[in-house]
Every structure is written in C-alpha cells, then in structure tokens.
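Asker: The structure that follows is given in the form of structure tokens.
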Amino acid sequence: MPKGIVKKYNESELCITLFNDCRIELKGCDNEDTLLGVGVNFLVFDEIGVVRNAKIIWQEILRPMLVDTKGRALFIGTPRGQNYFYEIYELGLRDDTEYESFKFKTSDNPYIDKKEINKARSETHATYFAQEYEASFVTDEERTLITSRDLEGLKNNYPAYNEVREAVICDPSQGGDECVIYAMRDYDIIDEEILHERDTMKIAGHISVMAGKHDIMDISGDSIGIGAGIFDRLDEMGQYRVHRINSAETAIEKHRFRNVRSEMWWCAMELIRDRKVPNVKTTKLRRQLTAVKFDVSDSQGRIRLEPKEKTKVILGESPDRADTYVMGLYTLKELVEAVEKDPYRLARHEEVDYEYNPMTV
C-alpha cells in the first residue's frame, strides 16, 4: 500500500493502521477463538469453500461482528461441491435477500491465454475442469473419479503393447476386509486370489506362489499396517523386486495431490479414460471403481479422495479390489520396467498348475 496512507504496520499481528485510524487485519480460521471481536465494517471471507465449519464460523462468530456497524461481507472462493458456500451463492440468486452473487470463469480473465485453457480442458477430468476453470458447484455424482461411462468405453478394447509389464499386487486386509492379490500383465488381471487372512507369513506365501506361477519378478503392495511384515518377508526371500507403496505418504506430485492414494487413483482414471487398459470384466470390481469420489482438499487445489470409511458406508463394503487394481495400474505404469515379449515363456507358464504349499515357501 502507498506509505502515505499507512500510519503503522504490525507484522506479528498481521495488521495495518491507516492515517485515519482505520485498521485492516488478516486472520486465519484454524483457531476460531482468535476471530472473536466487535465493530467490523467490512469482512472478506476468503476460500470459504474449503474452510472447516464455515457455517458455524459465519453464523456464530463473524455475522454478529457486523451488527453494530451494519457492516458488509464478501465471500470469495472456488466451488468445492455443494457445501455451505453453495448455499450462500444460491441466496444471492434470489430477489428476496440482501445477498448478491457473481460468478467468473477462468476464460473471463483477459490475461489468461485461451490456448492454455483449451489444453487444460483436453488433459483434465471433466468434473475437475468444470469446478476449477468454470466455477461450477458440482454434485456428489459428478465427483465420481472413474465413472460407469469411462468403464463402458473399455468394452471391446484390446490395446496392443510391444513390450510386457507385469507384477503381482497385494492390498493386505485390515479389520476383516478382503486381502486381494492380483497378477497383472499389460494392465489386465490375469489371475486373482481373495483371502480373509491376517497372518503375514501366509499372505507372503500366497503372493510368492502366484508370482512363481506366472514367472513374475515384480511385487508391489500397500506397506501400511500388516503390509510391512509381508513385504519384509518377501524381501528376505531375495528373489523378487519388491515395491513398497505407502498410500498415506505425500504424493510425488505434491502440488497436485494430497497423498499417494489420490495420485494412484488419478493415474488409473487417466489410463481408463484414454482407453489404455483392457475391459474391466467383473461386476464387483466395476462397482467398487465407480464408488470412489474425489474432492479438492485445500486452497492450493490439491486433489484427494474421500476417506475410505465414507466409501465403505456408501458401498456396503471396503473397495479393496478397486484399490488393488488401481495400485496395479500405477505399479505397471510408474514402477515396473517393460521387458521384450517372449510368447513362449508366457504360454509355458500358463500351462503349469501351481498349488499353494506353505512348507515350500
């Protein structure tokens, strides 16, 4: 601000006092008690769509601060689904309230190149583009990351690859959920085993047998919880390339995704959307894939998935098969090196009948 109108700066309190003794203060919503005060003439509530308890903060703390001054308020933000920000926006579209609403798309900004917007449209999930670039308050249904329409597009889809990528993937069971083991080759599930087991040595044995059955050297899976013991055992065996995935860790593209799980699901969505994977055949897997929703987690626009527990409530079961499949797609795309095709090796191992024998593992 021009120094001529500033009387005093107070950086520790994030406050500026002007020459006429008016004050401009900046406050955060992490601690609601710090917002308490009186005599506010004008209030700007920024990024209201991502503020936790925004309705309570506005109605019980901020709104009373404007009463004695008959002050005004401005709400700013990017839509984050149909939450309290949406309720306020809807008030401004009615004629019988003191609210007024405005919407500006990215394309309304004359300083942003239209070519960049079109490029983003072609590379981005349609719902995410509508929310982030067109200021749309998308519904829960629209926030489905992998849609039924995406999966329908895979029917009669048989992508051809010059090289082979293959791995065995496991999502260990937690709290009675399914322990899913998939053998995958070229983004297709070629074998599966569904266990209800929490014994790390037994699970490691089943994974080893499936890897031997298909002559696969790469193994990956979620290393959280009992997964740590499973992959420690497979490491000790010394015959596999073990890729540990901690789905709760910070994503590689941390400016785009909240954690690794969100990054993996986004990767799977792009592969399915671009029809780079074969048809998903089983009804249960398809149902789980279309049950997971995404959201934008903060003002940086980082993407996260809804908590797994929330998906379980809607689905009636844990999306363990979908998580394993998604982890497999991510493993094959990002972690496994492609090898030259050897049709004789593939045919030979498909003819062998392997059975699990814990004494040999």
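The values are calculated or read from the model by the stated rules, or taken from the named source; none is laboratory data. Quick caveat: nothing in here was measured; it's all calculated off a predicted structure. FYI the Cβ positions are ideal-geometry reconstructions off the backbone, even for glycines, and counts take in every protein chain you see.
Asker: Please go through (1) without any contact (Cβ under 8 Å) to a residue 24 or more places away in the chain; (2) touching a Ser or Thr at 6+ places or on another chain (Cβ under 7 Å) for ASP191 and return the number of the only condition it doesn't satisfy.
Answerer: (2)
Asker: Follow-up question, since we're still on this one. Taking segment 291-310 as the region of interest, how many residues are hydroxyl-bearing (Ser, Thr, Tyr) and buried (at least 17 other Cβ atoms within 10 Å of the Cβ)?
Answerer: 1
Asker: Can I ask one more? Return a yes/no flag: does segment 116-130 have any residue that is within 30 Å of PRO319 (Cα to Cα), touching a residue at least 12 places away in the same chain (Cβ under 8 Å), part of a loop (DSSP other than H, G, I, E, B) and touching a Gly at 6+ places or on another chain (Cβ under 6 Å).
Answerer: The answer is no; no qualifying residue exists.
Asker: Something else about it: Restricting attention to segment 131-157, report how many residues are among the basic types (Lys, Arg) and part of a helix (DSSP H, G or I). Lay out the reasoning, then the answer.
Answerer: Taking segment 131-157 as the starting set, the residues that turn out to be among the basic types (Lys, Arg) are 143, 149, 155.
Cutting the leftovers down to part of a helix (DSSP H, G or I) gives us 143, 149.
Residues flagged as among the basic types (Lys, Arg) and part of a helix (DSSP H, G or I) within segment 131-157 amount to 2.
Asker: OK, next. Among residues belonging to segment 68-106 that are within 26 Å of the chain's Cα centre (by Cα) and among the small types (Gly, Ala, Ser), point out the one that is modelled with the highest pLDDT.
Answerer: GLY77
Asker: If you go through segment 155-173 one residue at a time, how many are surrounded by fewer than 20 Cβ atoms within 10 Å (Cβ to Cβ) and under 22 Å from MET327 (Cβ atoms)?
Answerer: Residues flagged as surrounded by fewer than 20 Cβ atoms within 10 Å (Cβ to Cβ) and under 22 Å from MET327 (Cβ atoms) within segment 155-173 amount to 6.
Asker: If the requirement is being surrounded by fewer than 18 Cβ atoms within 10 Å (Cβ to Cβ), touching a helix residue (DSSP H, G or I) at 6+ places or on another chain (Cβ under 8 Å) and of a type outside the set (Asp, Glu), which of these qualifies: SER148, SER122?
Answerer: Unique residue meeting the criteria: SER148.
Asker: Please enumerate the residues belonging to segment 224-278 that are without any contact (Cβ under 8 Å) to a residue 24 or more places away in the chain and hydroxyl-bearing (Ser, Thr, Tyr).
Answerer: THR250 - this is the single residue of segment 224-278 that is without any contact (Cβ under 8 Å) to a residue 24 or more places away in the chain and hydroxyl-bearing (Ser, Thr, Tyr).
Asker: A follow-up question, please. In this structure, is ASP274 within 12 Å of the chain's Cα centre (by Cα), acidic (Asp, Glu) and over 21 Å from ALA228 (Cα atoms)? Steps first, please.
Answerer: Values: within 12 Å of the chain's Cα centre (by Cα): no; acidic (Asp, Glu): yes; over 21 Å from ALA228 (Cα atoms): yes.
When the stated conditions are applied, ASP274 does not pass them.
Asker: Next question, about the same structure. Please go through (1) basic (Lys, Arg); (2) without any contact (Cβ under 8 Å) to a residue 60 or more places away in the chain; (3) in contact with a Pro (Cβ under 8 Å, 6 or more places away or on another chain) for LYS202 and return the number of the only condition it doesn't satisfy.
Answerer: Every condition holds for LYS202 apart from (2).
Asker: Shifting gears a bit: Looking only at segment 226-237, decide whether some residue is modelled with pLDDT under 90 and either within 28 Å of GLU47 (Cβ to Cβ) or among the β-branched types (Val, Ile, Thr) (or both).
Answerer: Checked segment 226-237: at least one residue is modelled with pLDDT under 90 and either within 28 Å of GLU47 (Cβ to Cβ) or among the β-branched types (Val, Ile, Thr) (or both).
Asker: Exactly one of these conditions fails for ARG80: (1) among the basic types (Lys, Arg); (2) outside any helix (DSSP H, G or I); (3) more than 23 Å from LYS312 (Cα to Cα). Give me its number.
Answerer: Failing condition for ARG80: (3).
Asker: Taking ARG80, is it touching a residue at least 40 places away in the same chain (Cβ under 8 Å), among the charged types (D, E, K, R) and surrounded by 12 or more Cβ atoms within 10 Å (Cβ to Cβ)?
Answerer: Values: touching a residue at least 40 places away in the same chain (Cβ under 8 Å): yes; among the charged types (D, E, K, R): yes; surrounded by 12 or more Cβ atoms within 10 Å (Cβ to Cβ): yes.
Criteria met by ARG80.
Asker: Turning to a different aspect of this structure: Could you tell me which of the residues ALA228, ALA211, ALA204, ALA251 is in a helix (DSSP H, G or I) and touching a helix residue (DSSP H, G or I) at 6+ places or on another chain (Cβ under 7 Å)?
Answerer: Working: ALA228 fails: touching a helix residue (DSSP H, G or I) at 6+ places or on another chain (Cβ under 7 Å); ALA211 fails: touching a helix residue (DSSP H, G or I) at 6+ places or on another chain (Cβ under 7 Å); ALA251 fails: in a helix (DSSP H, G or I).
That would be ALA204, the only listed residue that is in a helix (DSSP H, G or I) and touching a helix residue (DSSP H, G or I) at 6+ places or on another chain (Cβ under 7 Å).
Asker: Within segment 222-261, which residues are over 16 Å from ASP171 (Cβ atoms), under 11 Å from the mean Cα position of the chain (by Cα) and crowded, with 18+ Cβ neighbours inside 10 Å?
Answerer: Within segment 222-261, ALA251, PHE257, ARG258 qualify.
Asker: Restricting segment 4-27 to residues that are within 37 Å of the chain's Cα centre (by Cα) and farther than 16 Å from MET65 by Cα, which is surrounded by the most Cβ atoms within 10 Å (Cβ to Cβ)?
Answerer: Only one residue fits best here, namely CYS15.
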